[in-house]
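*Asks:* My structure is below; once you've seen it, I'll send some questions.
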Amino acid sequence: MFTGIVERAVEVTSVEDHKGGRRIALGHRWGDESHGESIAVNGCCLTISDMASDSLAFDVIRETLDKTNLGDLSIGDRVHVERALRVGDRFDGHIVQGHVDGQAELIDRTVTPEEWRLRVRPPSELVPFVLTKGSVCIDGVSLTVAGLGPDWFEVALIPTTLDLTALGEREVGWHFNFEADVMAKGVVETVRRLFASGDLSADGLPSGDLSAMMPRRRDDAD
């Protein structure tokens, strides 16, 4: 699990395509990594497959390449990296699983002396999971929804985010790796299932007997 608090943006130093997918090497070492450790690369949870004195390598399967922007990377591109959360670490972002839901297109950006905003269009099936003032993760960066439209959302980038990430370098048309907030997904999917089963009416109120869905107290057990 991750938090979306990107540690740094690092360069891609090698890209090798092969029959099973692609091996990507990044020009960065923390110094205490281990083979098999999980690292979020542009928001994708990847496993360290090889290490050199000044680089880390990851094997990316075809399904991941098809669903993320890792298949679009070239040598010299900058990607965001974050190590997995440890028990007892400070939790500054939000819960990020590293399981990308889809790619979200950058459709506009506004740059003024006062503010830097990105307007992003997620896949239509993921729009219900984006909430005003809710959390989203784009290319591994935890951000708060600052504006919401019928099929897009906006995020505002503070100077620190611009300094530590490559978000300010992305041109209109770039496809971010997008992960919706896991709690929003849980709520929306639960409500959908209740509607489908007839246990929730159109006005959002429970219908019928929902006692079977409620947790049972120990003294209610048979």
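*Asks:* Counting each DSSP H run of 4 or more residues in the chain as -39500 (n - 2.57), what helix-only mean residue ellipticity at 222 nm follows after dividing by all residues, to the nearest 500 deg cm²/dmol? Mind showing how you got there, number by number?
*Replies:* Details: 3 runs with 28 residues, N = 222.
Result for the chain, helices only: -3500 deg cm²/dmol.
*Asks:* So how far, in whole Å, is the C-alpha centre of the stretch 119-138 from the one of the stretch 1-34?
*Replies:* 26 Å
*Asks:* Next question. Two decimals is fine: what's Rg over Rh for the stretch 59-102, C-alpha atoms, Kirkwood radius as Rh? Spell out each step's value before the answer.
*Replies:* Details: Rg = 13.3 Å, Rh = 12.9 Å.
Rounded to two decimals, Rg/Rh equals 1.03.
*Asks:* Which is farthest toward the positive dipole end of the chain among Ala156, Gly27, Ser74, measuring Cα position about the Cα centre, with Cβ charges +1 (Lys, Arg) and -1 (Asp, Glu)?
*Replies:* Farthest towards the positive end: Ala156.
*Asks:* Using label points projected 7 Å from each Cα along Cα→Cβ, tell me how many nm separate Val191 and Ala84, to one decimal.
*Replies:* 3.3 nm
*Asks:* What accessible area per residue, rounded to a whole number of Å², is obtained for the chain using a probe radius of 1.4 Å? Kindly include the intermediate steps, with their values, before the conclusion.
*Replies:* Values: 12170 Å² over 222 residues.
With all protein chains present, the chain gives 55 Å² per residue.
*Asks:* If you take the beta carbon distance between Leu164 and Glu33 as r and set R0 to 22 Å, what does 1/(1 + (r/R0)^6) give as a FRET efficiency, to the nearest 0.05?
*Replies:* Working: r = 20 Å, r/R0 = 0.90.
In this case the efficiency is close to 0.65.
*Asks:* Provide the three semi-axes, in whole Å and in decreasing order, of the ellipsoid equivalent to the chain as defined by the square roots of 5 times the Cα gyration tensor eigenvalues. Don't skip to the answer; put the middle values down first.
*Replies:* On the way: eigenvalues 243, 107, 57 Å².
Three semi-axes, in Å: 35, 23, 17.
*Asks:* Can you sort Ile158, Ile95, Ile75 by solvent-accessible area, 1.4 Å probe, largest first? Numbers along the way, then the final one.
*Replies:* On the way: Ile158 95, Ile95 55, Ile75 115 Å².
The residues order as Ile75, Ile158, Ile95, largest area first.
*Asks:* Another question about this same structure. Over the stretch 1-138, what is the relative contact order in whole percent, taking alpha-carbon pairs under 8 Å and six or more residues apart? If you can, show how the numbers build up before the last one.
*Replies:* Values: 249 pairs, mean separation 39.2, N = 138.
Rounded, it is 28 percent for the stretch 1-138.
*Asks:* Please give the charge dipole size of the chain, origin at the Cα centre, charges +1 on K and R Cβ atoms and -1 on D and E Cβ atoms. Round to the nearest 20 debye. Each step should come with its number before you reach the end.
*Replies:* Details: 23 positive and 38 negative charges, 38 e Å.
I would put it at about 180 debye.
*Asks:* While we're here: Once the dipole of the chain is set up with Lys and Arg at +1 and Asp and Glu at -1 on Cβ about the Cα centre, which of Thr112, Val100, Met51 lies farthest towards its positive end?
*Replies:* Val100
*Asks:* Let me ask you something else. Which sequence of Leu131, Leu118 reflects their accessible areas, 1.4 Å probe, from the largest down?
*Replies:* Values: Leu131 90, Leu118 0 Å².
Output order, biggest surface exposure first: Leu131, Leu118.
*Asks:* Additional query: Angle between the Cα long axis of helix 182-197 and the longest principal axis of the chain, 0 to 90 degrees, nearest 10?
*Replies:* 40 degrees
*Asks:* Could you give the dipole magnitude of the stretch 14-62 about its Cα centre, charging the beta-carbon of Lys and Arg +1 and that of Asp and Glu -1, in debye to the nearest 20? Walk me through the numbers on the way to the answer.
*Replies:* On the way: 5 positive and 8 negative charges, 54 e Å.
Around 260 debye, computed over the stretch 14-62.
*Asks:* When we measure straight from the Cα of Lys67, which lysines land under 19 angstrom away, once same-chain ones fewer than 8 places off are left out?
*Replies:* Lys19, Lys185
*Asks:* Provide His35, His28, His175 ordered by accessible surface of protein heavy atoms (probe 1.4 Å), highest first.
*Replies:* His35, His175, His28
*Asks:* Starting from the 7 Å offset along Cα-to-Cβ, what nm value, one decimal, do you get for the label separation of Val111 and Arg62?
*Replies:* Between Val111 and Arg62, the simple spin-label model gives 3.9 nm.
*Asks:* In addition: Which of the trypsin sites (Lys or Arg not before Pro) across the stretch 119-200 are loop residues per DSSP, with 12 or fewer other Cβ within 10 Å?
*Replies:* On the way: sites: Arg119, Lys133, Arg170, Lys185, Arg192, Arg193; in loops: Lys133, Arg170.
Sites meeting the loop and neighbour criteria: Lys133.
The values are calculated or read from the model by the stated rules, or taken from the named source; none is laboratory data. The model shown is predicted, which means the values in this text are computed figures rather than measured ones. Glycine gets a Cβ as well: all are built from the backbone with ideal geometry, and neighbour counts include every protein chain shown. Remember, those area values only see protein heavy atoms, side chains included, never the ligands or the DNA or RNA. Shrake-Rupley method; radii C 1.70, N 1.55, O 1.52, S 1.80 Å.
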